[in-house]
């Protein structure tokens, strides 16, 4: 699908709705909301829930997190070096995976001893079609119920005993007198830890591969980091497009890009296609860290009410990750072929070997 059509459908939620599911395959509505939370909702329910949870993801809040994100990136790099004295490692396992996972877990008030369990749960949920992570519906349901129960218990504990974390803020937040129920928080928790971990992990992993394969772009960015960071981060997201697609359902007879559509038709927004649209991007198949921000890439969605709530945080994590690599381990590079996730939904890298001098 062209970028223009993706933008058009995304910004017209009344005509292209999310409440009937965002996956290509239909799921019962209760499962839609269980797995996707806000992703599979329309207004007014979507607006109410997003209004509550957005209080934890304001630009100011993300800015306040910058020092802790940078400290975490440095800590994880030190850990990678200490555990791999040979100078080779799996970049996903040692850095790209732990960084966003530990940041989001810390923000949510999850104790460090549970990080590995959360990581395994997210791998299973988004890797449900990959035999390495279970590959069965039964395993998916088992893990989903485990993480849902964990989240409900965490939410109920923070409502009774609030601390300085996003879970406490979300459980206490009100919009027109409404608060999140423990059940709503459970579903949102799944969305947050999965989306907040998996997409940024894969953007960083694809980013290392792209900078390794295009050393001129690496030199350009690392040679004048502040000048190019904003465009470089968005180019990494465009290049990687971690989420391949989302679906919408047509609510009334209409047309999109000259194609007649009937109420009930499914429309799939292929972000990977839109981000390679030659009508939108000059030399769309070229990795260019100085590419202008307009036209905008759609790796975080294409506007509208479902634009990624964590886009600001993801951009900061990606920028800080590569800034720490630039300053502390500038020779770090990918070697060999990545091991890709078997998925038609996530453009994921399970493992990518890396080395440094």
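The values are calculated or read from the model by the stated rules, or taken from the named source; none is laboratory data. Since the structure is predicted, the reported quantities are computational estimates derived from the model, not experimental observations. When we count neighbours, we look across all protein chains shown, and the Cβ atoms used for this are built from the backbone with ideal geometry, even at glycine.
All but one of (1) out of contact with any helix residue (DSSP H, G or I) (no Cβ under 8 Å at 6 or more places or on another chain); (2) in contact (Cβ under 8 Å) with a residue 24 or more places away in the chain; (3) outside any helix (DSSP H, G or I) hold for residue 86; state the number of the condition that does not hold.
(2)
Here are some conditions: (1) more than 19 Å from the chain's Cα centre (by Cα); (2) on the phi < 0 side of the Ramachandran plot. Residue 187 meets all but one. Which one does it not meet?
Tallying (1) more than 19 Å from the chain's Cα centre (by Cα); (2) on the phi < 0 side of the Ramachandran plot, residue 187 fails exactly one: (1).
Kindly indicate whether residue 67 is without any contact (Cβ under 8 Å) to a residue 12 or more places away in the chain and not in a loop (DSSP other than H, G, I, E, B).
Taking the combined requirement at face value, the residue satisfies it.
Does residue 118 fit the bill of being at pLDDT 90 or above and in contact with a helix residue (DSSP H, G or I) (Cβ under 8 Å, 6 or more places away or on another chain)?
When the stated conditions are applied, residue 118 passes them.
Which is touching a helix residue (DSSP H, G or I) at 6+ places or on another chain (Cβ under 9 Å), assigned to a helix (DSSP H, G or I), closer than 30 Å to residue 336 by Cα and in contact (Cβ under 8 Å) with a residue 24 or more places away in the chain, of 196, 186, 155?
196
Examine segment 310-321 for a residue that is part of a loop (DSSP other than H, G, I, E, B) and more than 22 Å from the chain's Cα centre (by Cα), and state whether such a residue exists.
No, that holds for no residue.
Consider segment 98-112. How many of its residues are assigned to a helix (DSSP H, G or I), free of Cβ contacts under 8 Å to residues at least 60 places away in the same chain and either under 17 Å from residue 53 (Cβ atoms) or under 16 Å from the mean Cα position of the chain (by Cα) (or both)?
So the answer is 3.
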